[in-house]
Amino acid sequence: MAKSLVIVESPAKAKTISKILGKDFEVVPSMGHIVDLPRTRMGVDIENNFKPNFIVVSKRKKILSQIKAQAKKAKKIYLATDPDREGEAIAWNIKEKLNANKEYLRVVFHEITVSAIKESFAHPANLDQNKVNAQTGRRVLDRLVGYLLSPLLWRKITGGLSAGRVQSVAVRLVVEREREIQKFVPQEYWEIGAELKKITSQFVAKLEKIDGQKVEIKNQGEAQQIVEDLNGKQFVVSEIKEAEKKRNPYPPFITSTLQQDAFYKLRFSSSRTMLVAQQLYEGVELGKEGAVGLITYMRTDSVNVASSALSEVRNFINDKFGKEYLPDQPNIYKSKKRAQEAHEAIRPASVSRIPGSLKEFLTSEQFKLYTLIYNRFVASQMKPAIYAVTSADIKADKYLFKASGSKPAFKGFTAIYEDQEEKEEKSALPLLEKNEALELVKLIPSQHFTKPPPRFSEATLVKTLEEEGIGRPSTYAPIIQTIIYRDYVRRIKGYLHPTELGFKVNDLLVGYFAEVMDVRFTANMEEELDEIEEGRLEWMKVVNDFYGPFKGSLDYANETIQKEVITTDEICAQCGKPMVVKWSRKGKFLSCSDFPNCRYAKAITTGIKCPQEGCPGELIERRSRRGPFYGCTGYPKCTYTAKTLPDKEAESGRQENG
Ligand SMILES: [Zn+2]
Ligand SMILES: [Zn+2]
C-alpha cells in the first residue's frame, strides 16, 4: 500500500511525529516557508488588488522538488504545520505547488504526543482560508511599509536603513521612554526610620505622619530637625492589626509571560526563549524512548488547558503535595478578549515527566526552561499561598511610625513556583501589645531621590507591546531581534537604549508618518488582522483602507524631504571649505561640504586618545558583525581594538545576532 505523506516544518518535528505514526507514513520537513515575496522587488501588485507575487525561495527549490516527487507516490497528503496563521500559510503555499488531484488533509495539534497526534489524524480538516488570508494581509502590509518607507530614510539619512510597520513603533516606545528619562529632574526627599527594640528582637518602623498629616521631608535640615525633636520621646505601640493575606497562583504561561519570566529568572532573551521552547515542543531524544514532544505549542495567547491535562495535574498535586494543596475545583483563568480559544497555554505535555527525570537528556537551557514551564503549570492549579500579616502603629508624641511584617502561614502554590514578590516579603515582627512602650535604639534618617521611569528591558517591552495590542505571540521576539539587529536599539546590561540612529530615524518617521507610527493605529491594524482570521473582514479591503492615507503621507514626504545639512567649525584639510556631518550605515562622519568635487572625509572620534604606546590616533566607534567596538583612527597601522572605552562601559547589544 502506498504510504501517506505528512508535511511539517522542521526535521526535529518530522522525527518526533514519524515515531508516533509508524511505517505507513512518510514525514518530510519543508524547512519553513517554501515560497515568499521576492527579495529584489516589492512583489505586491498595488494596481491589482495588492496581489502578492509569491515565488519559490531559491534555497527551498530542491526540497520542493523532493516533496513533489514524494507527493506523486502518496495517496493522501497530510499538512501538519504549526497551529497558527504562519503554519496555515506554509501549508497552503505548499499545497498550491503540488498536484491538485490529490487528497489534502489539514491536521492540527498543540502538542506532539501520541494521543494528540492520533486524535488529529483521526479528525483531519480542510485548510482555514481565513487564517491564510490574515497571514497574507500581514505580509502585504509589512511589505508595503518596509518597501516604500525605507528609500526615504536613504535619501534623508543614509542608504541601507530600513523601516518596518510594527518594529518602528517599538523603536518609538524605546525612544520616547529615553526622552522621558532625559527630561526627568530628580527630587530630593528624606525618610526617617526608627530602629526599635523589644527585649532582644529589633525591627525598623518608618515615620508616616506628623500631627495626622502625611510626612514630607524635603532636605537634610528638615530631617535633622525631626530627629532632634524626637530625642527623648517615648515610643508606644498604639495599634496592632493582624490580617491574613492571600496570594493567588499565576495563570499558566502564554508566549508573552513565558518570555518575561524567562528573562527575569533565567536571563534569556526573548529569541533565546522561543528557540529553546521550540526545541522542547518539537521533540527531544529521551534515550531509548526516542524523540518526545515535551511541551505544548509555544506561540499562544490563550490560558486554556485541555481537560485531560487538568485532571492529570490535579492527580499529581494530590499525590505529591497532598489534598490541602488541591482546590475543590480546577482554577480557571481568563484569556484576553481575542485570544484563540482553540489554543492552549504553554504547559508540559505530561506532568508525569518531572524535570529531574529528564535532566540527563536535556541541554542546560532546555532543562531550565522546561523546569520553569513545568513548575508554573503545576502551581497554576494549586491553592493560594497564605501569609499572616501584622501591622503596628507606633506613636512618639505627635509622630506616627508604622511597621509591618509577615510570615508564611501556608505555602500553597509557592511550594513549587518561586514568586518574585515573595522574595520582597518583610520578615516577621516580634509579638507586640497595644500601649506597650518600646526602646528606641536609634533614628535613621536617609536621603532619597525620585527616580525616572526605568528603561525597557526585553521583558517589559514585550509586556508593553502586549498591553498596547501591537504584538502577537509570533511577533514579540522577531520585533526585538530586528530593532537590535538594525542598531536602532542596543541591549546594555539587559536594558534597551536607543542609539543616535534610532532617535534620528524615529523622529523622521514620526514627523512624516504620524499615523503609521501611532500606537493606537497599529493596535487597530492588528485587530483588523484578527478580524480577517475570524472571517469578518477581507484582507484586500484592510490593505486598501490602509494604503490610501499612507500613500498620501508618502507622496508628501517624497516631495518635501531633503537631506539635512549640519555644518561644523571644522575646515577641510584638502580644500579649506567647511566640513559637514553625514551619516553612513556605520554612524556619523565628517565630509567636505564640496562633495563630490572634494572627497575628503574624516571620522568623528570619541576624543579619547588611543592607549597604544606611541600611537597618535584617537579611538573611534566601529561596527562589525559581532556588534559595535572601538578601534583606532590610525588603523591599519595601529590595530588596537576594545569592547569598551577606557572610561565607559558599553556592552554589545548584538551578541546573539552576530
Ligand atoms: Zn574639501
Ligand atoms: Zn592607535
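The values are calculated or read from the model by the stated rules, or taken from the named source; none is laboratory data. Predicted model only: the values in this text are computed from it and were never measured. Heads up, the Cβs are rebuilt from the backbone with ideal geometry, glycines too, and the neighbour counts pull from every protein chain shown. Accessible surface is based on the protein model in full, side chains and every heavy atom, while ligands, DNA and RNA are left aside. Shrake-Rupley method; radii C 1.70, N 1.55, O 1.52, S 1.80 Å.
Less than 12 Å Cβ to Cβ from Leu508, Lys/Arg counted +1 and Asp/Glu -1: what total charge do the surrounding residues give?
Numbers: positive: Arg155, Lys156, Arg172, Lys504, Lys563; negative: Asp507, Glu564.
It works out to a net charge of +3.
On the protein heavy atoms, probe 1.4 angstrom, tell me the percent of accessible surface of the chain carried by carbon and sulfur.
Numbers: 16230 of 32950 Å².
Summing carbon and sulfur atoms, their accessible area is 49 percent of the total for the chain.
For Ser364 and Val236, calculate 0.36 nm times their separation in residues minus their Cα-Cα distance, and state this gained length in nm to one decimal.
Numbers: separation 128, 0.36 × 128 = 46.08 nm, distance 5.45 nm.
Residue separation times 0.36 nm, minus the Cα-Cα distance, leaves 40.6 nm.
Kindly provide the helix-only [θ] at 222 nm of the chain, computed as the sum of -39,500 (n - 2.57) over DSSP H runs of four or more divided by all residues, to the nearest 500 deg cm²/dmol?
Working: 18 runs with 239 residues, N = 658.
The helix contribution divided over the chain gives -11500 deg cm²/dmol.
Which links in Lys97/Lys118; Lys214/Lys245; Lys206/Lys368; Lys183/Lys265 stretch past 30 Å when you go from one Cα to the other? Please report the intermediate quantities before stating the final value.
On the way: Lys97/Lys118 27 Å; Lys214/Lys245 25 Å; Lys206/Lys368 40 Å; Lys183/Lys265 32 Å.
Beyond 30 Å: Lys206/Lys368; Lys183/Lys265.
Among the aspartates and glutamates, select those whose C-alpha is under 16 Å from the C-alpha of Lys102, and discard any that sit fewer than 8 residues away in the same chain.
Filter leaves Glu26.
Gap in Å between the Cα centre of segment 1-58 and the Cα centre of segment 185-233?
Distance between centres, Cα-based: 68 Å.
Can you list the residues, at least 5 places off or on another chain, whose amide H is less than 5 Å from the amide H of Glu618, using H built in the peptide plane?
Residues meeting the amide H criterion: Cys610, Thr633, Gly634.
Local charge sum around Asp229 (other residues, Cβ-Cβ under 13 Å, Lys/Arg +1, Asp/Glu -1)?
Values: positive: Lys233, Lys398; negative: Asp211, Glu222, Glu228, Asp397.
Charge balance near Asp229 sits at -2.
By per-residue mean of other Cβ atoms within 10 Å, what is the highest-first order of 133-144, 325-336, 399-410? Working shown, then result.
Working: 133-144: 22.6, 325-336: 13.8, 399-410: 17.9.
Sorting 133-144, 325-336, 399-410 by mean packing, highest first, produces 133-144, 399-410, 325-336.
Show the residues, 5+ positions off or on another chain, whose built amide H is closer than 5 Å to the amide H of Ile444.
Those qualifying (amide H under 5 Å, at least 5 residues apart or on another chain) are Gly193, Ala194, Glu195.
Below 16 Å, Cα to Cα, which lysines can Lys336 reach? Residues fewer than 8 away in the same chain don't count.
Lys463
So what is the relative contact order for the chain, in percent, with contacts set as C-alpha pairs under 8 Å and at least six apart? Mind dumping the intermediate values first?
On the way: 1183 pairs, mean separation 101.3, N = 658.
Result for the chain is 15 percent.
Considering all alpha-carbon pairs of segment 511-647, what whole percent are spaced by more than 26 angstrom?
54
For Asn126, what charge total do you get from the other residues with a beta carbon under 13 Å from its beta carbon, if Lys and Arg give +1 and Asp and Glu give -1?
On the way: positive: Lys95, Arg106, Lys131; negative: Glu88, Glu103, Asp128.
Computed value for this residue: 0.
I'd like the distance separating the alpha-carbon centroids of segment 256-311 and segment 487-541, in whole Å.
Centre-to-centre distance over Cα atoms comes out at 27 Å.
Per residue, how big is the convex hull around the C-alpha atoms of segment 148-221? Give it to me in cubic angstrom, could you?
Values: hull volume 17.1 nm³, N = 74.
Per residue, the Cα convex hull of segment 148-221 comes to 231 Å³.
Need one number for segment 566-642: average projected area of the convex hull over its C-alpha atoms, nm². List each step's numbers first, then the result.
Working: hull surface 23.3 nm².
Average of the hull's projected areas for segment 566-642 equals 5.8 nm².
Which whole-Hz couplings ³J(HN,Hα) result when phi for each residue of segment 146-155 is put into the Karplus expression 6.51 cos²θ - 1.76 cosθ + 1.60, θ = phi - 60°, listed in order with x for Gly and Pro?
Per residue, the Karplus-derived 3J(HN,Hα) values read x, 6, 8, 7, 4, x, 5, 5, 5, 5 Hz.
Rolling a 1.4 angstrom probe over the protein heavy atoms, how many square angstrom per residue are accessible across the chain? Show your work: numbers first, answer last.
On the way: 32950 Å² over 658 residues.
Heavy-atom SASA per residue in the chain reads 50 Å².
Using mean Cβ contacts within 10 Å as the protection proxy, how do 36-42, 544-550 order, highest first?
Details: 36-42: 12.4, 544-550: 15.4.
Peptide ranking by packing, descending: 544-550, 36-42.
Taking 0.36 nm per residue of separation and subtracting the Cα-Cα distance, what length does fully extending Arg353 through Glu570 add? Walk me through the numbers on the way to the answer.
Values: separation 217, 0.36 × 217 = 78.12 nm, distance 6.85 nm.
Roughly 71.3 nm would be gained on extension.
Would you work out the Kirkwood radius for the chain? I mean one over the mean of 1/r across all pairs of different Cα atoms, in Å.
Values: mean 1/r = 0.0338 Å⁻¹.
One over the average 1/r among Cα pairs gives 29.5 Å for the chain.
Show the residues, 5+ positions off or on another chain, whose built amide H is closer than 5 Å to the amide H of Lys76.
Leu5
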